[in-house]
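Colleague: First the structure, which I've put down as structure tokens, then a few questions once you've had a look.
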Amino acid sequence: MKTEVKKLDSTKCEINVAVSGELVKNKFEAVFSQLSKEAKVPGFRPGKAPRDVLEKHYACAVHEQVLKELVPDVYNKAIEEQKIDVIELPQITEVKLDRSNLSFKATVEISPEIAVKNYKNQKINFKTVSVSNDEIKRQIDSLKESRNLASIDDKFCRSLGYPDLANLEKAIERQILITKENQERARIENELLENIMKGLDFKLPQGLLDRQAQDMLRKAKVDLAMKGMPRDKIDEQENTLLENILPEAKKQVKIYLVLSQIAKNENIAIDDHMPAKVMELLLKEADWQISS
């Protein structure tokens with residue numbers, strides 16, 4: 001196999017691939033062999049049609065099947081050998097195939113090289129969270145208003161699964177505390193990422209950005225539909241929605257690429273668990289400072 005790689009820009013490259021000889025010939029033979037067992041040719045029992053008859057009736061179909069099976073195999077082998085970090089499906093063009101030769105061009109989007117530095121020992125200012133009596137009271141008052149109650153007695157508390165007001169207040173305190181802890185964790189992660197990404201300037205792969213924006217657009221349209229907005233009204237707002245979504249989509253793609261670069265640096269597998277694993281590493285290696 002002959003492979004030539006030409007970098008078009010920081011997020012795109014062109015791969016010219018050519019294979020010849022036994023690999024191509026054997027694939028044609030394998031497809032014809034399978035076809036001879038299944039083909040229904042008038043005047044012949046299944047599996048008994050001569051090769052020249054199969055060639056006459058099924059040459060085009062065999063050609064298409066060989067392409068369907070061989071191109072993905074050869075492409076995957078090429079990017080593996082060249083260690084190309086492809087992030088989107090390839091655009092395959094200039095395909096040529098005969099009985100002993102296959103060649104094609106694959107244009108692919110790749111991850112840009114990002115010079116991520118100082119991602120360890122980042123300062124984290126952790127703020128201890130607590131719940132005040134006023135916060136609990138406000139939640140109780142809100143509960144009374146939503147249920148149109150003058151006061152909350154033990155019978156009402158029991159209807160919610162608590163023996164008395166004291167236990168209900170403890171449950172509310174726990175809920176508020178969990179919410180605050182989650183908010184603090186989100187704040188820490190956001191600040192950590194912003195500090196790491198500060199000063200990093202790189203081109204975003206357009207295909208990856210488009211996919212992220214379209215995914216966010218679908219979710220936004222579903223949310224509007226769940227709120228009762230008619231389908232035609234949602235469609236009318238599509239361009240506006242997309243325009244509003246784009247800045248956040250760019251931010252999400254940038255975060256993903258930076259996390260991916262750190263993962264490569266640290267030999268962390270690029271899979272669905274990668275963002276969480278990288279964040280665990282960043283938090284573990286950070287310089288924690290605790291304040292109340």
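Colleague: Size of the dipole of the range 123-291 about the Cα centre, Lys and Arg at +1 and Asp and Glu at -1 on the beta carbon, nothing else charged, in debye to 20?
Modeller: Details: 28 positive and 30 negative charges, 13 e Å.
In debye, rounded to 20, the range 123-291 gives about 60.
Colleague: Given axes a ≥ b ≥ c from the Cα gyration tensor, I'd like to know whether the range 1-154 is rounded (a/c under 1.5), prolate (a/b larger than b/c) or oblate. Don't skip to the answer; put the middle values down first.
Modeller: Numbers: a/c = 5.42, a/b = 2.12, b/c = 2.56.
It comes out oblate by the Cα gyration axes.
Colleague: Most exposed first by the Cβ proxy, i.e. fewest other Cβ within 10 Å, how do Cys60, Cys157 rank?
Modeller: Working: Cys60 8, Cys157 18.
Least crowded to most crowded, the residues run Cys60, Cys157.
Colleague: Of the labelled options (1) 37, 20, 17; (2) 40, 25, 17; (3) 58, 29, 19, which one gives semi-axes √(5λ) of the Cα gyration tensor in Å as computed for this structure?
Modeller: Matching the structure shown: (3).
Colleague: Compute the angle between helix 22-38 and the longest alpha-carbon principal axis of the chain, please, reported from 0 to 90 degrees and rounded to the nearest 10.
Modeller: Helix 22-38 sits roughly 90 degrees off the main axis of the chain.
Colleague: Could you list Thr179, Thr11, Thr240 so that the one with the fewest beta carbons within 10 Å of its beta carbon is first and the one with the most is last?
Modeller: Details: Thr179 12, Thr11 23, Thr240 9.
Listing Thr179, Thr11, Thr240 from fewest to most nearby Cβ atoms yields Thr240, Thr179, Thr11.
Colleague: 222 nm [θ] for the chain, helices only, -39500 (n - 2.57) per DSSP H run of 4+, per residue, to 500?
Modeller: Estimated from H runs of four or more residues: -19500 deg cm²/dmol.
Colleague: Right, something else. Would you please give the FRET efficiency between Asp215 and Ala166, computed as 1/(1 + (r/R0)^6) with r the Cβ-Cβ distance and R0 = 51 Å, to the nearest 0.05? Display every interim value, and only then the final one.
Modeller: On the way: r = 47 Å, r/R0 = 0.91.
That pair, Asp215 with Ala166, gives E of 0.65.
Colleague: Sticking with this structure for a sec: Given DSSP loops and a limit of at most 15 other Cβ atoms within 10 Å, what is the longest stretch of the chain that contains no such trypsin sites (Lys or Arg not before Pro)? Provide the component values of the computation, followed by the final result.
Modeller: Working: sites that count: Lys40, Lys48, Lys83, Arg99, Lys117, Lys120, Lys198, Lys203, Lys227.
Here the longest segment lacking exposed loop sites spans 121-197.
Colleague: Here is a follow-up. At most 14 other Cβ atoms within 10 Å plus a DSSP loop assignment makes a site exposed; report the longest stretch of the chain without any exposed GluC sites (Glu not before Pro). Don't jump to the answer; show the numbers that get you there.
Modeller: On the way: sites that count: Glu113, Glu266, Glu285.
Longest site-free region, per DSSP loop and neighbour criteria: 114-265.
Colleague: Let me ask another. Subtracting the Cα-Cα distance from 0.36 nm times the residue separation, let me have the gained length for Glu280 to Leu246 in nm, one decimal. All intermediate terms of the calculation are to be shown ahead of the outcome.
Modeller: Numbers: separation 34, 0.36 × 34 = 12.24 nm, distance 2.78 nm.
Stretched out fully, the Glu280 to Leu246 stretch lengthens by 9.5 nm.
Colleague: Please enumerate, by chain and number, the lysines with C-alpha under 18 Å from the C-alpha of Lys233, excluding those fewer than 8 residues away in the same chain.
Modeller: Lys219, Lys221
Colleague: Taking a cut-off of 16 Å between Cα atoms, list the lysines near Lys198, but don't count ones fewer than 8 places away on the same chain.
Modeller: Excluding near neighbours in sequence, the set is Lys117, Lys120, Lys123, Lys250, Lys251, Lys254.
Colleague: Can I ask one more? Cross-link partners among lysines for Lys137, C-alpha distance below 17 Å, same-chain residues fewer than 8 apart left out?
Modeller: Lys137 reaches Lys170, Lys180.
Colleague: Can you compute the charge dipole magnitude of the range 2-109 about its Cα centre, using +1 on each Lys and Arg Cβ and -1 on each Asp and Glu Cβ, nothing else charged? Give it in debye, rounded to the nearest 20.
Modeller: On the way: 18 positive and 18 negative charges, 116 e Å.
Once rounded to the nearest 20, the dipole reads 560 debye.
Each reported figure results from applying straightforward, stated rules to the coordinates on display, with no laboratory input. Predicted, not measured: the structure shown is a model, and the values here were computed from it. Here Cβ is always computed from backbone atoms with ideal geometry, including for glycine, and neighbour counts include all displayed protein chains.
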